[in-house]
Amino acid sequence: MALTEQLRQELDELVRNYPDKRAALIPFLHRCQEELGGWISPEVMEDCAEYFGLEPVEIYGVASFYPMFRLRPIGRHVVSVCRNISCDLRGADEIVQRACAVTSARVGESSDDGRFYLETVECQGACADAPMMVVDGTYHENLESDDVERILGGLE
């Protein structure tokens, strides 16, 4: 069993908020990813399938469709650089290049030391303050390339 007893209790509580138990799947996958190392393992998908009365491939279909779910282990810090048009026009490419240099990770991969996972994402809703990146859920806006080293350099 990949799901801890605490997560199972949370799931029991969560499903009470929905008219159909299956509607709690996406919020619960978020919770599993948060709690179980930043990704959704095949074992977690199997446990969720059993709980929700689905086939594991159906859980995989949901988890693989949405870009916010990770299906493999990632670095401790998630660095997401926006590549939508506003950010691109205001220097996102330079931010991505600098993030690659600072983290030693390529886009879509984790750094060899396991500290960083670097990705590009679509619009994060901060177009007026482009370019921007999200680091571990915190927005950093109006970036210049030197800001990337300042922000990422202090993370353990």
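If you scan the stretch 74-96, which residues turn out to be crowded, with 16+ Cβ neighbours inside 10 Å and of a type in the set (A, V, I, L, M, F, W, C)?
Those that are crowded, with 16+ Cβ neighbours inside 10 Å and of a type in the set (A, V, I, L, M, F, W, C): 74, 78, 79, 81, 82, 87, 92, 95, 96.
Does the stretch 63-73 contain any residue that is over 29 Å from residue 100 (Cα atoms) and surrounded by 18 or more Cβ atoms within 10 Å (Cβ to Cβ)?
Quick first cut of the stretch 63-73, residues over 29 Å from residue 100 (Cα atoms) only: none.
There is no residue in the stretch 63-73 that is over 29 Å from residue 100 (Cα atoms) and surrounded by 18 or more Cβ atoms within 10 Å (Cβ to Cβ).
If you scan the stretch 108-148, which residues turn out to be surrounded by fewer than 14 Cβ atoms within 10 Å (Cβ to Cβ) and acidic (Asp, Glu)?
Within the stretch 108-148, 112, 113, 122, 136, 144, 146 meet the criteria.
Do we find a residue being crowded, with 17+ Cβ neighbours inside 10 Å and among the aromatic types (Phe, Trp, Tyr) anywhere in the stretch 11-34?
yes
Since every read-out is calculated from the coordinates, none of them should be taken as a lab result. Keep in mind the model is a prediction, meaning the values are calculated, not measured. Glycine also receives a Cβ, built like all others from the backbone with ideal geometry; neighbour counts cover every protein chain displayed.
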